[in-house]
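In what follows, a structure is listed as structure tokens, so that the remarks can point back to it.
The values are calculated or read from the model by the stated rules, or taken from the named source; none is laboratory data. Quantities reported herein were computed from a predicted structural model and do not represent experimental measurements. All Cβ positions, glycine included, derive from the backbone under ideal geometry; neighbour counts span all protein chains shown.
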Amino acid sequence: MAKAKANKKVPEIFLVSDHTGETAASAARAAMSQFQTRWRYRFFGEIRDESQVLRMMELARDLGAIVLYTLSRDSIADAIRKRGVELAVPVVDLLGPVMETVASHYKLKREFRPGPQHGFTDEHFRRVDAVEFAVRHDDGTNLHTLYEADIVLTGVSRTSKTPLCMYLAQRGYKTGNVPLVPGIDPPRELLDIEPSRVFGLTLDPATLVAIRRARLRSLPSLNRLAYADPETVATELRWALRFFRAQGWRSVDISGKAVEENASRILELLATEQEVAFP
């Protein structure tokens, strides 16, 4: 009997958005808090076309998931509803009924504009806590409480750890970041974190060289020959990737992407590995 309970399938909730997914996540947390169970949460951000919809809905069918969506474009919402009927996948439009009622009652024309919305009151305080955590755990500080993090970012110097860390914190995720330096052992506190919560950041060598050269102009005391040398930078990045793999950490290439895109990618990867019990 106990064995059957341990093997019980965790219900899946897919959150779908054509932007950052903040609204869908906030609504899901409010709804799921009414149930005494655990949920596996998967986020599908930046949904732009029907081919993405089809792949996502087929996965939902295979996993027996429910799909919750916040979409500004009717074509994508229609595609989700259509595929939901065809594949027998339950779908819930989180914003459509509200917008239709407001438009009808006040005789207003709807604007098709994706974007994050303000969360619930408890969400505000959760974000404040997360931002405070990120500030306290920036650049490898306060390692003794790093285990409390939802997400830990790591990578060599100037791989945008801090900006991404702060953005994730503003989304409500306690995020810390720890630098990696070739030739120096990483702190034990970092290595002790569950690998599914650690993400290694990387980018193309040429971009990192340019970033470091710009940094040298404001900090001339740094070793110019090593810090921004193209060969040294490329070697550092290769070493970091090998180290990520050895630790079982997933790497995220941030080259040419906005911080929002990189954050969405990290949250998507996080969701595919963890069973999340919403507070």
Val252 fails exactly one of (1) of a type in the set (A, V, I, L, M, F, W, C); (2) in a strand (DSSP E or B); (3) not assigned by TED's automatic domain parsing to the domain that holds Leu208, namely (3)
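Could you list, in sequence order, the residues of region 49-80 that are outside any helix (DSSP H, G or I) and more than 16 Å from Val92 (Cα to Cα)? Lay out the reasoning, then the answer.
Of the residues in region 49-80, the ones outside any helix (DSSP H, G or I) are 49, 64-73.
If the condition is that a residue be outside any helix (DSSP H, G or I) and more than 16 Å from Val92 (Cα to Cα), then Asp49 is the only one that fits.
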If you scan region 50-95, which residues turn out to be touching a Gly at 6+ places or on another chain (Cβ under 9 Å), over 26 Å from Arg110 (Cα atoms) and small (Gly, Ala, Ser)?
Ala60
Candidates Phe35, Phe43, Phe14 - the one that is touching a Gly at 6+ places or on another chain (Cβ under 8 Å), not aliphatic (A, V, I, L, M) and not in a helix (DSSP H, G or I)
Phe43
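Taking the options Phe199, Phe244, name whichever one is under 12 Å from Gly155 (Cα atoms), assigned by TED's automatic domain parsing to the domain that holds Pro163, part of a helix (DSSP H, G or I) and touching a strand residue (DSSP E or B) at 6+ places or on another chain (Cβ under 6 Å).
Values: Phe199 fails: part of a helix (DSSP H, G or I).
It is Phe244.
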Look at Pro279 and say whether it is under 30 Å from Ser26 (Cα atoms) and either buried (at least 18 other Cβ atoms within 10 Å of the Cβ) or modelled with pLDDT under 95 (or both).
yes
So how many residues does region 157-170 have that are buried (at least 23 other Cβ atoms within 10 Å of the Cβ) and either hydrophobic (A, V, I, L, M, F, W, C) or under 11 Å from the mean Cα position of the chain (by Cα) (or both)?
4
Select from region 130-161 the residues that are closer than 13 Å to Ile254 by Cα and in a helix (DSSP H, G or I) and list them in ascending order.
Lys161
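Regarding region 204-223, can at least one residue be identified that is part of a strand (DSSP E or B) and crowded, with 17+ Cβ neighbours inside 10 Å? Please lay out each step first, then the result.
Kept after step one, since they are part of a strand (DSSP E or B), are these residues of region 204-223: none.
Within region 204-223, none of the residues are part of a strand (DSSP E or B) and crowded, with 17+ Cβ neighbours inside 10 Å.
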Of all residues making up region 171-196, the number that are surrounded by 17 or more Cβ atoms within 10 Å (Cβ to Cβ) and not in a loop (DSSP other than H, G, I, E, B)
7
Are there any pairs, at least 6 apart or on different chains, whose C-beta atoms fall under 7 Å, with the first in region 216-235 and closer than 19 Å to Gly155 by Cα and the second modelled with pLDDT of 90 or more and among the hydrophobic types (A, V, I, L, M, F, W, C), and if so, which?
Ala228/Val209; Pro230/Val209; Val233/Leu208; Val233/Val209
Residue tally, condition of a type outside the set (A, V, I, L, M), at pLDDT below 90 and touching a Lys or Arg at 6+ places or on another chain (Cβ under 8 Å), over region 60-99:
1
